[in-house]
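The values are calculated or read from the model by the stated rules, or taken from the named source; none is laboratory data. This one's a predicted model, so the numbers in the text were calculated from it and none came from an experiment. Using ideal geometry, Cβ is built from the backbone for each residue, glycine included, and neighbour counts are taken over all protein chains shown. The accessibility values were calculated without ligands, DNA or RNA, using every heavy atom of the protein model including side chains. Shrake-Rupley method; radii C 1.70, N 1.55, O 1.52, S 1.80 Å.
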Amino acid sequence: MMGGEMMKKELTEEEKGAMEEVAIDTVREERHVAPAHYSMTIDSFSLLSDMVANSYLEQYESREFEASGYKWKLVLYPNGDKSRNGDGYISLYLVMADTTVFPAGWEINAIFKLFVYDQLQDKYLTFGDGRLRRFCAIKNKWGFPQMLPLSIFNNASNGYLIGDSCVFGAEVFVIKSEGKGERFSMIKDPSDGTFTWEVQYFSGLTGEFYYSKVYLAGGHEWKLKLFPKGHIKQRGKYLSLFLELDDCTKSHTGWKLFVEFTLRIKDQVQSHHHEKTIHKWFSASENNWGLVSFISLSDIKNPSSNFIVNDTLIVEGVLNRLSVLKEFA
């Protein structure tokens, strides 16, 4: 706490009106935390103000400081930046320093806040608009020409100028594009997207499950997984059928693939096929999808269904829609 016995007073109606005249899109907030990147303390502010008023300078520039990997300066107009309608205000700007080392066409995108310290309340009044500002060769200075009315700033009871001393500050966060991203699209009916598997000697299958060969479609490897006597709880009641993505270990971390697919048991005589269409996201943890109760074993074995001919069952998987994700860097 600074400022001796002086107590913070409420703004007068006139001072409140002056504050409301500050740019509408400027967001003012109070906080106790000091500026993250730079603080500028000015003693003998009145002498600086007089010196600037009686010279051609009009402004005071801070030393260079580094923030977010770049060098900056604060530029203070203690009597206001008259060229930008700042007469009667404190004007404060953030300026990029040492830009001569940058290549032609350079630009730096940053979000920043400027600060003035309230010494009575031990708080900082922050000024910002939350917008991303582009610093470039044409415009390397951004800030607030009407940051704070001088009538408020110079009044010691407001806490900003105590004992002719004041503190300003800055935070700068540069947005650096790493050029990474992704492009998502969908393809319909990819070529070679129908997988036909003739399961021979079906009546003699004794294993829990069987895999088809691997099929290549849509840039991925697939296979069908058949449980001829059903999967776990449906064993002995239903045939279970799944589509499995076989090359999931080749994908990047966190990958996922949307697939609309149809699983089918073919009627080999009248084309009254039994089929189900499924929509699912495939991932490393869930690389196969299907139906435990795909079709009852009684229906499979019914001769009139024509699903088994010459002890051969024909199973199909069809990719209807498939997502495509391309990364770029």
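Some points to look at:
- For K256, the solvent-accessible surface with a 1.4 Å probe is about 120 Å², rounded to the nearest 10.
- Taking other residues whose beta carbon is less than 14 angstrom from the beta carbon of Y215, and scoring Lys, Arg as +1 and Asp, Glu as -1, yields -4.
- Cut-off 12 Å between beta-carbons: net charge of the residues surrounding D267, Lys and Arg +1, Asp and Glu -1: -1
- Packing-based ranking of 218-224, 182-188 yields 218-224, 182-188, ordered from highest to lowest mean Cβ neighbour count within 10 Å.
- Calculated FRET efficiency for the pair S177/L291, C-beta based, R₀ 41 Å, to 0.05: 0.35
- Charges were assigned to the Cβ only: +1 to each Lys and Arg, -1 to each Asp and Glu. The resulting dipole of the chain about its Cα centre is roughly 1720 debye.
- Entry comment: accessible area of segment 183-329 is 56 Å² per residue, from protein heavy atoms only and a probe of 1.4 Å.
- Remark on segment 24-93: ratio of C-alpha radius of gyration to 2.2 N^0.38 Å is 1.25.
- Stokes-Einstein D (µm²/s) once Rh is taken as the Kirkwood radius of segment 20-169 over alpha-carbon pairs, at 4 °C in 1.567 mPa s: 81 µm²/s
- At q = 0.07, 0.13 Å⁻¹, base-10 log of I(q)/I(0) for the chain (Debye sum, equal scatterers on each alpha carbon): -0.56, -0.93
- Efficiency of FRET from Cβ geometry, V101 and E29, R₀ 30 Å, rounded to 0.05: 0.30
- Per-atom-type breakdown for the chain gives carbon and sulfur 50% of the accessible area (1.4 Å probe, protein chains only).
- Distance violations [Cα-Cα > 29 Å] among K139/K180; K71/K326; K139/K176: K71/K326
- Ranked from largest, the principal axis spans of the Cα set of segment 273-329 equal 57, 18, 17 Å.
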